[in-house]
1. Please report the net charge: other residues with Cβ closer than 14 Å to the Cβ of N39, K and R +1, D and E -1.
2. How would segment 93-149 be classified by its alpha-carbon gyration tensor: rounded, prolate or oblate, with rounded meaning a/c under 1.5 and the a/b versus b/c comparison settling the rest?
3. Can you give me the distance in nm between label points at D332 and D278, each placed 7 Å from the Cα along the Cα-to-Cβ direction?
4. In whole Å, what are the extents of segment 1-84 along the principal axes defined by its C-alpha atoms, from largest to smallest?
5. Would you mind putting 396-404, 194-202 in packing order, based on average other-beta-carbon counts within 10 Å, highest first?
6. Show me 10-19, 219-228 ranked by packing, highest mean number of other Cβ atoms within 10 Å first.
7. Sum up the charges of everything whose Cβ sits under 14 Å from the Cβ of V12, counting Lys and Arg as +1 and Asp and Glu as -1, but leave V12 out.
8. Leaving out ligands, DNA and RNA, what percent of the accessible area of the chain is carbon and sulfur, probe 1.4 Å?
Amino acid sequence: MRDFHAPGRSPVYALNAMAATSMPQATLAAVEIMKAGGNALDAAIAAAAVLGVVEPQSTGIGGDCFCLYMPAGSGRVVAINGSGRTPAGLSLDALAARGEAGYEATSPHAVTVPGAVSAWEKLSKAYGRMSWDALLRPAIDHAEKGYVVAPRVAADWHRDVAKLKSGGSDLFLKEGAAPKAGSVMRNPALASTLRAIARDGAKAFYTGPIAADMVAVLRAKGGFHTEEDFAAGLDAAEFVEPISARFADHDVFECPPNGSGIVALMLMGIMDGYAPSDDPLDPLRMHRHLEAARLVYRDRDAFLADPAHVDVPVRQLLDTSYLSGLRDLISDEHALRTLPAAGSPHKDTVYIAVVDADGNVCSFINSIFQSFGSGIVSDRTGVVLHNRGFSFSLQRGHPNQLAPNKRPMHTIIPAIATRQGRPRFAFGVMGGHFQPMGQSWTLANILQYGLDPQAALDLPRVFPLMGRVEVERGVSPEARAFLRDRGHELVEVEVPHGGGQIIEIDAANGVLIGGSDPRKDGCALGY
């Protein structure tokens, strides 16, 4: 690999199995599950449950889940869509009848019925080895006995005090303030909820007193949710056919819409047509990637929606001639001032990567969307409710229009890359809308620029958002000047973009190579 020394740690190497997550407690739980006889899928569920306790601003059982799983020796990738749906009573007409023209990210209307627990159960029944009691035990212990608040978690927490206060709960505050790094927090109510799920399965979450309390909290704030909506959520998760595309002599697999994996594949398809330079921080590379992102995110906003409600033109959007047409729109001399019409070629989340000793590969994402989700907390259950429904369009006739029993456009996208039918990478980059940009940027860092998984994650990032380009501090003055000269308006971000995890399967040498994003508190571990 290229001798590139980004500031940060070395990649992690192991012979047998490996896990990479955004918190050490979760990575350790995943490794211990595998050492106890569990497989990669078991380890991912255990890690996700722990993350829902120790990184509560990013994830939890009150959110959604997407997963790709590649059983050892099968040559096939399995996908599950664990995103939840809107209440049956929620629609634009229902809002209009109340005199509501829209809603904020902290509204109960932004809370779709969480799909994560449904996905965990279906995955576990289909591919897991261990009992739910064993898988949830580490999370229960952290919630009950306490966990130490990590620095990045503390920083995020501090920014969300107002949101938590507006939600009406002090469960995640200490005397009205966010806990500091190094302090100990507990969530005994969540421990009790997890214990009920461990004992009775997903039905304990979607029916009975736990569901009733979540519904009562939402309805007290004006939500349309009913216990029947939550009961229907028990079967919300479904196995789906993954989508894939070629990039740098690899096949990259993603979950299909309503997820945004197609956006990452489109970005890779455009960038695959450019010959890489010798410098992964080449400003021309940044410019091209930014322009490609502007074009494919435009298509995302126009077309991506729940395929159970509308036809999403997946084949057209991934067509190589279409992507070549998009590439032809990009000028190396200046940024596009006006984007052509969509579809015309003239035109807080956590990620977990696990590979076990048998060769099973799991790429797993669990999310409550924005930091602390909706800010609405069910105190009796300890559950933070996500705000994924804030991704709906309120424009009538739009494919992603808010409607009853509908899934919104989704940002969380686990990925697996294979070569000649064998798994090569389990990877993902968290960060809301940044994820397709982050995935394509990071995988290109490895496959086109020769960086190892850790250096690929360490590399500074850029992202086009709301008409401007957000740049991290590590982007050089020379690169910034180059981008400004081409018409990009730059703004330096206070909070770094995303947080990824990568495990590379080096079959030739019989080793695993892991990287964990320095923008988070986590790590990769193997044995």
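The values are calculated or read from the model by the stated rules, or taken from the named source; none is laboratory data. Computed from a predicted structure; not experimentally measured. Because the Cβ atoms are built from the backbone with ideal geometry, glycine has one as well, and the counts that use them run over all protein chains shown. Keep in mind that these areas ignore ligands, DNA and RNA; they rest on the heavy atoms of the full protein, side chains included. Shrake-Rupley method; radii C 1.70, N 1.55, O 1.52, S 1.80 Å.
1. Numbers: positive: K35, K125, R129; negative: E32, D42, D356, D358.
Around N39, the surrounding residues sum to -1.
2. Numbers: a/c = 5.37, a/b = 1.93, b/c = 2.78.
Oblate, because a/c is 1.5 or more while a/b does not exceed b/c.
3. A separation of 1.6 nm, rounded to one decimal place.
4. 44, 36, 26
5. Numbers: 396-404: 17.1, 194-202: 19.7.
My ranking of the peptides, most packed first, is 194-202, 396-404.
6. Details: 10-19: 20.7, 219-228: 17.2.
Packing order, densest peptide first, comes out as 10-19, 219-228.
7. Details: positive: R9; negative: D452, D458, E504, D506, D517.
For residues surrounding V12, the net value is -4.
8. On the way: 9360 of 18630 Å².
Of all accessible area on the chain, carbon and sulfur atoms account for 50 percent.
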